[in-house]
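One structure is given below, encoded as structure tokens.
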């Protein structure tokens with residue numbers, strides 16, 4: 001079975017600083033990995049996904065994530081934080097054996113950006 | 001393009017009252033459909049999923065139920081709400097394969113009083 005661990009339920013950065021949100025997964029087969037963002041009282045929006053191919057994946061709003069199989073990680077980064085990046089971020093995993101498209105989510109990381 | 005509609009956006013209901021939340025998807029056929037609940041600090045909990053009309057799978061036993069009367073319609077119901085049913089309910093759809101992302105509606109904030 002798949003599982004996701006997001007290290008740090010809250011992360012605070014200053015505007016312009018590097019954003020690093022950590023995600024580690026557990027999967028017995030090659031995973032598919034996703035990052036979602038949620039703004040208050042809204043649904044989740046897909047930021048980026050890794051399925052196959054290049055391990056560095058670029059997403060919307062300047063975010064990117066790198067799949068590291070040896071570390072079972074898929075950390076999300078952004079070089080320079082913006083006030084509008086303040087939101088909750090969820091990492092999720094699926095796998096090629098899933099015909100249901102079922103995703104397993106982490107508990108989320110709340111990102112605060114200070115001016 | 002595909003869109004997903006979920007309503008109402010907010011709902012306040014007394015304990016013991018019934019519940020009906022509706023979700024519809026446009027622009028795709030035979031989607032997989034999902035109901036999630038999000039409680040503060042607890043992440044997303046998958047409640048039900050459906051791979052076709054009339055096909056419902058439950059992930060967590062509770063006093064909620066789901067139905068899929070049409071291909072792109074998914075309904076979450078309860079006959080009698082409990083205080084513990086309060087939360088943020090999210091409907092989602094996917095293309096049904098492992099690399100298909102979920103696409104979420106805007107959610108319903110349910111408060112049971």
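Rule-based calculations on the coordinates, nothing more; no lab input. Fair warning: this is a prediction, and the values are worked out from it, not measured in the lab. Counting neighbours? That spans all protein chains shown, and the Cβs are built from the backbone with ideal geometry, glycine included.
With the contact rule set at Cα under 8 Å and sequence spacing of 6 or more, what percent relative contact order holds for chain B? Could the numbers behind the result be given before it?
Details: 281 pairs, mean separation 40.1, N = 113.
Once divided by the residue count of chain B, the mean separation gives 35 percent.
Please figure out what share of the DSSP beta bridges in chain B is antiparallel and state it in percent, rounded to the nearest 5. All intermediate terms of the calculation are to be shown ahead of the outcome.
On the way: 37 of 41 bridges.
Around 90 percent of the beta bridges assigned by DSSP in chain B are antiparallel ones.
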**Spread of Cα-to-Cα distances over 10 Å intervals beginning at zero, given as percent, for chain B** = 15, 50, 29, 6, 0
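Taking the range A:11-57, how much of its Cα-Cα pair set, in percent, is spaced more than 18 angstrom apart? Please list the in-between numbers first.
Numbers: 532 of 1081 pairs.
Result: 49 percent of Cα pairs exceed 18 Å.
What fraction of the DSSP beta bridges in the protein assembly as shown is antiparallel, stated in percent and rounded to the nearest 5? The partial results should precede the final answer.
Working: 71 of 80 bridges.
So the antiparallel bridges in the protein assembly as shown amount to around 90 percent.
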**Prompt:** How far is the Cα center of the range A:2-17 from the Cα center of the range B:15-44, in Å?
**Reply:** 26 Å
**Prompt:** Once the principal axes of the Cα atoms of the range B:43-93 are found, what is the range along each, listed largest first in whole angstroms?
**Reply:** 31, 25, 16
**Prompt:** Once the Cα atoms of chain A are picked out, what are the Rg and Dmax in Å?
**Reply:** 13.6, 44
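Restricting to chain A, what percent of DSSP beta bridges are antiparallel, rounded to 5?
Details: 34 of 39 bridges.
Bridges in chain A that DSSP calls antiparallel: roughly 85 percent.
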**Message:** Give the average, rounded to an integer, of partner chain Cβ atoms located within 10 angstrom of each Cβ in A:102-115.
**Reply:** 3
**Request:** Using only the alpha carbons of the range B:1-49, determine the length spanned along each of the three principal axes and report them from longest to shortest in whole angstroms.
**Result:** 37, 23, 16
